[in-house]
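Encoded as structure tokens, the structure appears first; notes follow it.
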Amino acid sequence: MPLICYEDHKFTPENLEIVEYANTLIAEFAADGLALTLRQLYYRFIATSDIFPNTLLSYKRLGKIINDARLAGLVDWESIEDRGRKLIQYDHWEDPEGVMRDAAGWFQLDKWEGQQHRVEVWVEKQALEAVVGQAAEPLDCAYFACKGYTSQSEMWRAAQRFEEYVADGHEPVIIHLGDHDPSGIDMTRDIVERINDVFGVVVQVDRIALNMNQVEEHQPSQVTTIPR
């Protein structure tokens, strides 16, 4: 967990408390092997404390405090990640034997072979993609962040995959997770309509979260998006 100081910063007592609370929230996610985006961290502040009002100014203020804290060696550099910007690079080996050794580690059988269904998990928010992945990857279950309403390009590609699943004798299933708000609920309808009606592939779509019975049971904090 790299705490590396690159610059000295003087923090007010109030801002130091914010850094300490941020590290508490970060540790909760790290215990599950997860990193946060700045936006996720901000929403955890809004949901679990009254430190900030939910405003764009608050979001920018938290970003500045966390940036300074990382530079000062107070926040782990690997605890917060930018999922929208990634370097594309290529693997290299010193010899063919190295390729074979690595290939042995990549090899796995298709766990869906011979199964009646073939399941994909679709989640509305990219911020939750890693959380979904922790459950999906051990089951060899493909997963996908829709980033709101799924683009027509990705919906078409999904329809092509599902046609292949059907040709291989599977019944395609989408497990969908979305926000419990008008657009988040409507996204489930949109998936069904475009996959089944527009592209003509029969797919079972099961919305497992967030549903009203879960809201009533768990009483989650009501957090709106960052106002503009």
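Values quoted throughout were computed directly from the atomic coordinates according to the rules given, and no laboratory measurement underlies them. This one's a predicted model, so the numbers in the text were calculated from it and none came from an experiment. Glycine gets a Cβ as well: all are built from the backbone with ideal geometry, and neighbour counts include every protein chain shown.
Fewest-first ordering of Cys146, Cys141 by other beta carbons within 10 Å of each residue's beta carbon gives Cys141, Cys146.
Sorted fewest first by neighbouring Cβ atoms within 10 angstrom, Ile175, Ile4 come out as Ile4, Ile175.
Between the amide H of His176 and those of Trp122, Asp206, Arg207, Ile208, distances stay under 5 Å, these residues lying 5 or more places away or on another chain, with hydrogens modeled in the peptide plane. Each Lys or Arg adds one and each Asp or Glu takes one away; over the other residues whose Cβ falls under 14 Å from the Cβ of Asp91, this sums to -2. Each Lys and Arg adds +1 at its Cβ and each Asp and Glu adds -1 at its Cβ; summed about the Cα centre, the chain shows a dipole of about 880 debye. Close amide H contacts of Tyr143 (hydrogens built in the peptide plane, cut-off under 5 Å, sequence separation of 5 or more or a different chain): Val121.
Arranged from fewest to most other beta-carbon atoms within 10 Å of their beta carbon, Tyr165, Tyr149, Tyr90 become Tyr90, Tyr149, Tyr165.
Each Cα pair under 8 Å and six or more residues apart adds its sequence gap; the mean of these over the residue count of the chain is a relative contact order of 20 percent.
If you take every residue apart from Asp179 with its C-beta less than 9 Å away from the C-beta of Asp179, what net charge results, scoring Lys and Arg +1 and Asp and Glu -1? Computed value for this residue: -1. Thr24 sits among other residues whose Cβ lies under 12 Å from its own Cβ, and their net charge, with Lys and Arg +1 and Asp and Glu -1, is -2. Fully extending the segment from Glu137 to Glu164, taken as 0.36 nm per residue of separation minus the present Cα-Cα distance, adds 7.6 nm.
Taking amide hydrogens as placed 1.01 Å from N in the peptide plane, the amide H of Leu36 sits under 5 Å from those of Ile80, Glu81, each at least 5 positions away in sequence or on another chain.
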